[in-house]
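Scroll down for the structure; my scribbles are underneath it.
Values quoted throughout were computed directly from the atomic coordinates according to the rules given, and no laboratory measurement underlies them. Remember, predicted model here, so these are calculated numbers, not experimental data.
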Amino acid sequence: MFVSAKMSMYQPWGASDPIECMLVKEEKENDYKTLDFLGITEFEYEKGYEYKIKISETNYLDYSMENPAW
């Protein structure tokens, strides 16, 4: 995953004001997407630096449940 040296703004659902965020993209993507600063666990973003980081995605859904809540 790439993290841009530039930041952006986005408006979270239900919020009245936009907030600052990171711009990230997967290796094969062309366009950056917005991501909250808390969106990557144990990653500390420093403004003005571009990053290439290795991430692992985790799915916390328990598929063994017979009757999921949704």
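Quick rundown of the values:
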| item | result |
| --- | --- |
| Fully extended contour minus Cα-Cα distance, from M9 to T34, at 0.36 nm per residue | 8.2 nm |
| Amide H contacts under 5 Å for F37, placed H, 5+ residues apart | M22 |
| Chain lengthening between K52 and K25 when straightened (0.36 nm per residue, less Cα-Cα) | 8.7 nm |
